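See structure below.
Every read-out reported here was derived from the displayed coordinates using simple, explicitly stated rules and does not represent laboratory data. Values in this document were obtained by computation on a predicted structure and should not be read as measured data. Cβ placement follows ideal geometry from the backbone for every residue including glycine, while neighbour counts extend to all protein chains displayed.
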Amino acid sequence: MSARMDALGENVRMALEALRVSKMRSALTILGVVIGVATVMAMAAIVQGIRDQIVNTIEVAGPTTFYVLKKFSQTPLNPDDLPKDVRIRPDLVEREAERIRALPEIAYASLWAQTLARIESPGVRSQGMAIFGADDGFTQIQGGELVDGRWFTKAEITAGAPVVVLQEETARRLYGQERLIGRSVQVGGRPLEVIGLWAEPGNIFAPPGQAVGAIVPYRFMDRAYPIDRTNALFIPVKPRAGVRVGDAQSAVEMTLRESRRLRPGDGNTFDLVSQDQILDTFNSITGVFFLVMIVLSGVALLVGGIGVMAIMTVSVTSRTREIGVRKALGATKRDILVQFLVEASTLTGIGGAIGIVVGLALGRVVSLAMDIDAPVPLALTLIAVVVSISIGIVFGMIPAQRAARLDPIEALRYE
């Protein structure tokens, strides 16, 4: 065992010396491996980070929380060109949310909406942000806490009063430490009185590309802003403690069917979506995205492997006399084969190591820009190392076999 380890160490030293002699050629050869591994590592870190955020958000809302929607679609539907089966579905209304809330199985239900608007005041203007139309039970679904001021009163909810609870981080970014309670700000061009500041939980997953900016009473949003009633109108439902999700969904489904006077043979004109379905949908979307990245990374690795084969073939040719000398001194075909396989594996191993570092750094930069916590994919890191070394062995096999089969006498004559 000791002799084999010594031989392996010697082969690695010879490989590193060969790479040192041809720095530029070696660097260009491993570039494909670096790009392929870096792409896989960066995408794995980002996708895992986003998935963890969604899972944590589901835990905030509670795994039993589900949603009633007009139509559940993996991609937003164009409200100006809806399919016929969606157009004939009635919009959700408050009366339906009230009937659901009255069920003995249900702890919370309310009609919510969402739109996109800017928060403004003289000299201050935000980018477009997600604005929720909800009620004082907002934190039961979204989590977080009120850090200043108050939530809407029953009278404000009923009347659709022009009041707003700002998201704390957004408020601080726009106004610094200025006291905002009682101040008037414009949300989507409408003057509103700030009555509270809400701090979202650290693991909340905002809609893609949109941070949550503010919460207003639903009735005010319904009156003051245009609402996409197909994609952005929904009823979050939280069952009572001890009630199974299936039982709660059955009760809600029956109530809505009765409310809409659907006959036994009619299909539902609404959709019920659980947290698991949301997670499954996200997994299917990111799974396809990640698969495309793997394929593209595989192409880069293939190019890197072909580069390894090319440089190892050139290396064998340029070191023919060296091979002859080693064979004349007693080196076997196996010794020569192992020497060049180790050299190829070292080449791709270095490329894999650089790719891992670059990929993790890139994933970190992107995750910070997206404000998500992207963990280090340890399992994929080990796989990346193994794959990069395997590429060296597979693509280095032909040049190594060629070197091992060289006739020592002919090799010594080579100039």
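Details
- Virtual spin-label span in nm between Arg244 and Arg150, 7 Å along Cα→Cβ: 4.3 nm
- Mean projected area (nm²) of the alpha-carbon convex hull when the stretch 71-269 is viewed from all directions: 12.6 nm²
- Simple Cβ-charge dipole of the stretch 71-269, Lys/Arg +1 and Asp/Glu -1, about Cα centre, in debye nearest 20: 320 debye
- Amide H to amide H, with H built 1.01 Å from N, Gly144 comes under 5 Å of no residue 5 or more places away or on another chain.
- Cα-Cα over 27 Å, subset of Lys70/Lys238; Lys84/Lys154; Lys71/Lys238: Lys84/Lys154
- Overall form of the stretch 116-227 per C-alpha gyration tensor (a/c, 1.5; a/b vs b/c): rounded
- Within a straight-line Cα-Cα reach of under 19 Å, Lys333 cannot be paired with any lysines, leaving aside sequence neighbours fewer than 8 residues apart in one chain.
- Rounded to the nearest whole Hz, the Karplus-based 3J(HN,Hα) values (6.51 cos²θ - 1.76 cosθ + 1.60, θ = phi - 60°) of the stretch 137-151 follow the sequence x, 4, 6, 5, 9, 8, x, x, 8, 7, 9, 7, x, 8, 8, with x at glycine and proline.
- Given R0 = 25 Å, the distance between the Cβ atoms of Asp271 and Asp81 translates into a calculated FRET efficiency of 0.80.
- The phi-based Karplus calculation (6.51 cos²θ - 1.76 cosθ + 1.60; θ = phi - 60°) puts the 3J(HN,Hα) values of the stretch 241-252 at 4, x, 8, 5, 4, x, 5, 5, 5, 4, 5, 5 Hz, whole numbers, x for Gly and Pro.
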